[in-house]
Amino acid sequence: PKLIVGPKVITENNRKMQAIENGDSIGLLTFPKFKQLFNRFCEDIKGNFSRPAIGDAWRDYLQCWHDPITGARIKSTKVSPQRISLRGKDMKMFHRFVDEDLKHWKTYDQACFEASRRFLSQTAKEQEKFQHDLLMIDEIQDITSPILTFLLLLSSEKMDNKRVLLTGDRFQTVNRSGFDWKT
């Protein structure tokens, strides 16, 4: 109930943004929201910082601060330096951004992982309220494992393989989700 699809424009006096920053609510982090937050962070920094390309920063954040299978958040202190493109002082600055500016934000993967855990802790009768009989997903190449897992968990007992439709194009991916058909 505290999850907010963040405000479209981030301003200091926006009540939703303040609720996210003080930890009263959790923001749902998308690439455009990450870009806004990162740009604001970089503008506020006075000093030398070799700012990475926004796409590289997003990929590093998703791949180095989150478990690739579950989407669960990993403490930034456990990040393997070989997996991230930043080094030295630039790495420390990015750590600061992640630890301070993103601490109350969740990626879709992270939110789906937590929702899956909560769903599995419910009784069968409680689960039935959320289940569906048909699943149709287009652009499957842009969906990650935690999101697909959550959607499949919401499938009712009555659903069989004739009620699942997945479509996609393995040569096209809109976002840098890290989706891999083989995995």
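The values are calculated or read from the model by the stated rules, or taken from the named source; none is laboratory data. Bear in mind that the values here come from a model prediction, so they are computed numbers and not experimental data. Cβ atoms come from the backbone with ideal geometry, glycine included; neighbour counts cover every protein chain shown. These accessible areas exclude ligands, DNA and RNA; they are computed on the full protein's heavy atoms, side chains included. Shrake-Rupley method; radii C 1.70, N 1.55, O 1.52, S 1.80 Å.
Can you confirm whether Asp24 is open to solvent by 40 Å² or more (accessible area, probe 1.4 Å), at pLDDT 70 or above and under 25 Å from Ile147 (Cα atoms)?
When the stated conditions are applied, Asp24 passes them.
Return the residues of the stretch 44-71 that are touching a residue at least 60 places away in the same chain (Cβ under 8 Å) and either under 14 Å from Arg96 (Cα atoms) or open to solvent by 50 Å² or more (accessible area, probe 1.4 Å) (or both); say none if nothing qualifies.
Across the stretch 44-71, the qualifying residues are Arg59, Gln63, Pro68, Ile69.
Restricting attention to the stretch 78-95, report how many residues are of a type in the set (Val, Ile, Thr) and at pLDDT below 55.
1
Quick check: is even one residue across the stretch 27-43 modelled with pLDDT of 70 or more, buried (at least 17 other Cβ atoms within 10 Å of the Cβ) and in contact with a Ser or Thr (Cβ under 6 Å, 6 or more places away or on another chain)?
Yes, there is a match, as at least one residue in the stretch 27-43 is modelled with pLDDT of 70 or more, buried (at least 17 other Cβ atoms within 10 Å of the Cβ) and in contact with a Ser or Thr (Cβ under 6 Å, 6 or more places away or on another chain).
Somewhere in the stretch 121-132, is a residue touching a strand residue (DSSP E or B) at 6+ places or on another chain (Cβ under 9 Å) and either surrounded by fewer than 14 Cβ atoms within 10 Å (Cβ to Cβ) or of a type in the set (A, V, I, L, M) (or both)?
Within the stretch 121-132, one or more residues are touching a strand residue (DSSP E or B) at 6+ places or on another chain (Cβ under 9 Å) and either surrounded by fewer than 14 Cβ atoms within 10 Å (Cβ to Cβ) or of a type in the set (A, V, I, L, M) (or both).
Looking at the stretch 100-120, which of its residues are open to solvent by 70 Å² or more (accessible area, probe 1.4 Å) and among the acidic types (Asp, Glu)?
Glu100, Glu114
Going by what's in this entry, would Phe150 be described as among the hydrophobic types (A, V, I, L, M, F, W, C), in a helix (DSSP H, G or I), free of Cβ contacts under 8 Å to residues at least 40 places away in the same chain and touching a Phe, Trp or Tyr at 6+ places or on another chain (Cβ under 9 Å)?
Answer is yes for this residue.
Among the residues of the stretch 160-170, are any within 20 Å of the chain's Cα centre (by Cα) and farther than 24 Å from Trp65 by Cβ?
For the stretch 160-170, residues within 20 Å of the chain's Cα centre (by Cα) and farther than 24 Å from Trp65 by Cβ: absent.
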